[in-house]
1. Can you list the HN-Hα couplings for segment B:116-123, worked out from phi with the Karplus curve (6.51, -1.76, 1.60; θ = phi - 60°), rounded to whole Hz and with x for Gly and Pro?
2. Arrange the following residues from fewest to most other Cβ atoms within 10 Å of their Cβ: B:Glu22, B:Glu64, A:Glu55.
3. Can you give the FRET efficiency to the nearest 0.05 for A:Met1 and A:Arg323, using r as the Cβ-Cβ distance and R₀ = 35 Å?
4. Using Cα centres only, tell me the gap between segment B:1-76 and segment A:1-77 in whole Å.
5. Enter the mean number of other protein chain beta carbons within 10 Å of the beta carbon of each residue in B:248-261, as an integer.
6. If each label sits 7 angstrom from Cα along the C-beta direction, how far apart, in nm, is A:Asp280 from its counterparts in the other copies?
7. What are the nm distances, shortest first, from A:Thr17 to its equivalents in the other copies, labels at 7 Å along Cα→Cβ?
8. Any idea what Rg and Dmax come out to for segment A:145-209 if you just take the C-alpha atoms, in Å?
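Nothing in this text is a laboratory measurement; each read-out follows from the coordinates by a stated rule. Please read all numbers here as calculations on a predicted model, not as lab measurements. Glycine gets a Cβ as well: all are built from the backbone with ideal geometry, and neighbour counts include every protein chain shown.
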Number of protein chains: 2
Amino acid sequence: MQNRQVLFVKRPVGAVTPDVFELRDAAVPEPADGEVLVRNIYLSCDPYMRGQMGESGYSRGPFELGLPLPARVVGQVEKSRRDGFAEGDYVWGFLAWAHYSCQPADMPLWHVDPAHGPISHGISVLGMPGLTAYAGMLKYGKAQPGETVFVSAASGAVGSVAGQLGRIAGARVVGSAGSDAKVAHMKDVLRFDEAFNYKEMDIGAALDKHCPDGIDVYFDNVGGETLDAVLARLNEHARLPICGQISEYDVMNSADQYGIRNFPNLLRKHATVTGFSVRDNMDMFDEFVLRMAALMKSGDVVYTEDIVDGIENAPDAFIGMMRGENIGKRLVRVGEDPTLG
Amino acid sequence: MQNRQVLFVKRPVGAVTPDVFELRDAAVPEPADGEVLVRNIYLSCDPYMRGQMGESGYSRGPFELGLPLPARVVGQVEKSRRDGFAEGDYVWGFLAWAHYSCQPADMPLWHVDPAHGPISHGISVLGMPGLTAYAGMLKYGKAQPGETVFVSAASGAVGSVAGQLGRIAGARVVGSAGSDAKVAHMKDVLRFDEAFNYKEMDIGAALDKHCPDGIDVYFDNVGGETLDAVLARLNEHARLPICGQISEYDVMNSADQYGIRNFPNLLRKHATVTGFSVRDNMDMFDEFVLRMAALMKSGDVVYTEDIVDGIENAPDAFIGMMRGENIGKRLVRVGEDPTLG
């Protein structure tokens, strides 16, 4: 059996480049007592991973050099020496970019129920990206009927769900993204009220046009200039769930960091900013997965995955995702998905 | 009877200058039905007033030109045509910089109980500045035993109470202010654990020295460079009640506005920022005033007022307060206080 791995071999300076990764063929490990050998099927590409590639590690510790890149993975149990997991079970966990991962005895693994939908959803709309959107919009954003919700990177893995949950809450939803195809996707598929291409307009002018009544909820995935323009257009008691700062990840602690000038408006408008991730919200998971699976089945929420095939293509898939070339959640399929027809 | 008034006659550009004000002698008004004529005793000088001197009005509407400067005032009822108020009652309200104010029928007025302490406390520690500190530290800051609380402008009207409430909650309290006398006041009188003069040290180095375990609660009165340095030193799940941004009021919407570079750390540390004022927290008033009066009587909280005499000196008293020359709450006494011995 082939066990090709993608190693993380170099901390990027600025944008991630292909030499940050290295392919290696390794033996398939044999699980020890308490361990589970997983045949990986879908690897996740998420912007937060860029943070952990740096020295400081962003909100978790930094990735170690020389090891397969840690990531969320959906796979199928190949061999199990842990109670509760049997050969053939579909699972997800923090595994790695490789054909096979052996999950240590002290690391958790969760079942993925194919009855809820495609198994890839276990690391997308029914997994951590979906829960991030759910917690961000419901717990921190608290979107109300008639309010204006603005979402940046709104065609992406998290933003696309956040925006739809804003619509379901009765708010008017506006999204931004970096291509006309994404704008069309937000309007036609995600059913946002308005969407715009931030690369083609001054961000302030775009917000003035599309959010004429100001902004009540800003679901922030990007930070920087977009955030600053939003701060100038807040309504009283606005809520800003801060989910990502992708415009800043490549320049953290450098002279190119953006300086936010409209921070005092948070005081002026009695607004609340909450930095968060799913880690703080795992207690919502059971409620979330039932509700989101139902919303998917009823068609109230739709979800797009942008799947690249082949582990060799994982580095380019990640780099392209950081550049914004994907529409929806970017995944890499590295093995056969037996649930597909 | 003399009714000298201080009119607001010019919107300041940058720092407030004496020509923003004009003295005028007017007749003492006669209260109509529902109105209360108040003989003003203590006028308040608060940094938030600078915001309302600008075109944009900051969190409330801008002050109107040509009228006596609106302010919180403690006084004594001279004539009343409103139920519930009798000649001789001590009251506070949003009145104005003048010897006499006639409160219109549709504007509220509150009693000040001399049994709680000096009547000036009605617009200081037992009034809105005290409630601001109380709500900020307890509701938004949520200081816990063993945590590090940092307060800027910490010898002032609000910061001095916020810091002491942090100490009473069991936190280690560090304060900054702009003079060695204020530093001594914070350590010797307010019983902060540490204090420093921000004008004599690099703010980052000072925080590294005095908050070696990072910052859990930042009670922000100043914004700008201090805030940015705090953002770089947050602990996980830090809380930042934003009460003032005094470093920015003179430069709002100008090229001199400070650019906050460490905003992404709010995400990294899963921190919460809450812009607030007492307006959102009036429901806490009854609980607050009883608790704070008890803390004052027991000596757990001490409070210093910096009182300037004479309405003619009100403009300079305000300008000096904005420059930070006061220790504790700055008030202007414009009439006899019959409760003083």
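1. With coefficients 6.51, -1.76 and 1.60, one gets 6, x, x, 5, 4, 4, x, 10 Hz.
2. Details: B:Glu22 14, B:Glu64 11, A:Glu55 8.
Going from least to most buried by this count: A:Glu55, B:Glu64, B:Glu22.
3. Numbers: r = 34 Å, r/R0 = 0.96.
Given R0 = 35 Å and the Cβ-Cβ separation, E is 0.55.
4. Value for the Cα centre distance between the two parts: 64 Å.
5. 4
6. Here the equivalent label points are 1.5 nm apart from this one.
7. Counterpart label points of A:Thr17 in the remaining copies fall at 5.4 nm.
8. According to the Cα coordinates of segment A:145-209, Rg and Dmax are 10.6, 30 Å.
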